[in-house]
Amino acid sequence: MRLDNISANETIKLSNKIDKLRIPEHVAIIMDGNGRWATKKGLPRSFGHNKGVNVLKDIIKVSKNLGCKALTVYAFSTENWSRPAKEVDFLLNLFEKVITKEIDQIHKNLIKISFIGDLTPFPDKLQLVIKNSENLTKNNKDFLLNICINYGGRQEIVRVAKKLALKSFLGEIEPNEVNEELFESELSIKGPKDPELLIRTSGEKRISNFLLWQLAYSEIYITDICWPDFNEVEFLKAIIDYQSRNRRFGGIKSLSNESLEDSYYSS
Ligand code: IPE
Ligand code: IPE
Ligand code: MG
């Protein structure tokens, strides 16, 4: 049997296990492990980044077809500037090339694309390509794709705090009007809701300054698979795992012996 057939069979098997009524609306992904994937194969790290782009294209399609409404992916962190200049340059060039090449297809698929992070340090050409892609797709309603570049969760929280402090200083709001809702309204990510599921590839068990506010109650799925090897089968596995979670939000949902507990508290 060819490898294609094996993975097609596995996709069908996994799809059958998915509860179509409990698909996460918003999935966040830390696409990690590009460099290690390439190095293991004796290739330059850039090969991993190139392959990673194709994986992202597939996962956008797969998640949209499954019924997700938004995908937020981590493409470049505020800390990634500390990498060798050659790698940073490669990544910035890759972003420009890929957006330019893919934007028509993204638009055709009624996907709204949004870039989250401080874009000002990027080359003018990249900033222009980003702005144009956002403008072109801004009215698309089928799916939201947030790409976090030069993004840091802490930086975003500080930015919002500064903005609210200024509004208060100017008398536009009272300090005690600041609450979760107001704070959230200033965050850049406008998803249907906070991500229900965070996927991180390559086995690292950390958040690396991603979506610190929005991940407060996300389910976290970590796979050892490096991002260039991630695919539909792995995505479906993550969704199945997510659907097995008991999301309590601090409560005590799904106690099997609930009536027993009730009588304990009332005695
Ligand atoms: C993720 O893969 C992509 C970016 C951070 C741009 P890495 O480049 O971090 O790959 P590893 O983790 O070093 O293998
Ligand atoms: C997080 O991965 C950032 C992106 C995937 C863009 P890193 O590879 O930068 O994170 P650390 O250094 O392992 O924490
Ligand atoms: Mg990494």
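The values are calculated or read from the model by the stated rules, or taken from the named source; none is laboratory data. Note that the coordinates shown come from a computational prediction; the quantities given were computed from them, not determined experimentally. Cβ sites come from the backbone with ideal geometry, for glycine too, and all protein chains shown count toward neighbours. What goes into the accessible areas is simple: the full protein's heavy atoms, side chains included, and nothing from ligands, DNA or RNA. Shrake-Rupley method; radii C 1.70, N 1.55, O 1.52, S 1.80 Å.
Give the stretch 40-53 a look and list any residue that's assigned to a helix (DSSP H, G or I), more than 10 Å from ligand 1 (Cβ to nearest atom) and either without any contact (Cβ under 8 Å) to a residue 12 or more places away in the chain or farther than 19 Å from His107 by Cα (or both), or say none. If you could, list the steps in order and put the result at the bottom.
Start the filter on the stretch 40-53 by keeping residues that are assigned to a helix (DSSP H, G or I), which leaves 40, 45-53.
Checking which are more than 10 Å from ligand 1 (Cβ to nearest atom) leaves us with 47, 50-51, 53.
Scanning the stretch 40-53 gives Phe47, Asn50, Lys51.
Of these, Glu172, Glu181, which one is over 22 Å from Leu56 (Cβ atoms), part of a loop (DSSP other than H, G, I, E, B), charged (D, E, K, R) and without any contact (Cβ under 8 Å) to a residue 12 or more places away in the chain? Let's see the steps before the verdict.
Values: Glu181 fails: part of a loop (DSSP other than H, G, I, E, B).
Among Glu172, Glu181, only Glu172 is over 22 Å from Leu56 (Cβ atoms), part of a loop (DSSP other than H, G, I, E, B), charged (D, E, K, R) and without any contact (Cβ under 8 Å) to a residue 12 or more places away in the chain.
Return the residue satisfying two criteria in turn: it lies in the stretch 189-202 and is more than 12 Å from Lys69 (Cα to Cα) and open to solvent by less than 10 Å² (accessible area, probe 1.4 Å), and of such residues it is nearest to ligand 1 (Cβ to nearest atom).
Let us first name the residues in the stretch 189-202 that are more than 12 Å from Lys69 (Cα to Cα), namely 189, 197-202.
Adding the requirement that they be open to solvent by less than 10 Å² (accessible area, probe 1.4 Å) leaves 197-199, 201.
Values: Leu197: 19, Leu198: 15, Ile199: 13, Thr201: 8 Å.
Among those that are more than 12 Å from Lys69 (Cα to Cα) and open to solvent by less than 10 Å² (accessible area, probe 1.4 Å), it is Thr201.
Looking across the stretch 75-97 at every residue that is assigned to a helix (DSSP H, G or I) and in contact with a strand residue (DSSP E or B) (Cβ under 7 Å, 6 or more places away or on another chain), the one that is farthest from ligand 3 (Cβ to nearest atom) is identified as Phe95. Per this entry, Lys190 is not counted among residues that are modelled with pLDDT of 95 or more and of a type in the set (Lys, Arg).
Taking every residue in the stretch 24-39 that is in a helix (DSSP H, G or I) and pairing it with any residue that is more than 13 Å from ligand 3 (Cβ to nearest atom), at least 6 positions away or on another chain, the pairs with Cβ-Cβ distances below 8 Å are Asn34/Lys51; Trp37/Lys51; Trp37/Asp229; Ala38/Pro44; Ala38/Ser46; Ala38/Phe47; Ala38/Lys51. Of the candidates Asn135, Asn150, the single residue that is more than 20 Å from Trp81 (Cβ to Cβ) and either modelled with pLDDT of 95 or more or in a loop (DSSP other than H, G, I, E, B) (or both) is Asn135. Scanning the stretch 115-133 for residues that are touching a strand residue (DSSP E or B) at 6+ places or on another chain (Cβ under 6 Å) and either farther than 14 Å from Ile99 by Cα or not β-branched (Val, Ile, Thr) (or both), we see that the one that is surrounded by the most Cβ atoms within 10 Å (Cβ to Cβ) is Phe115.
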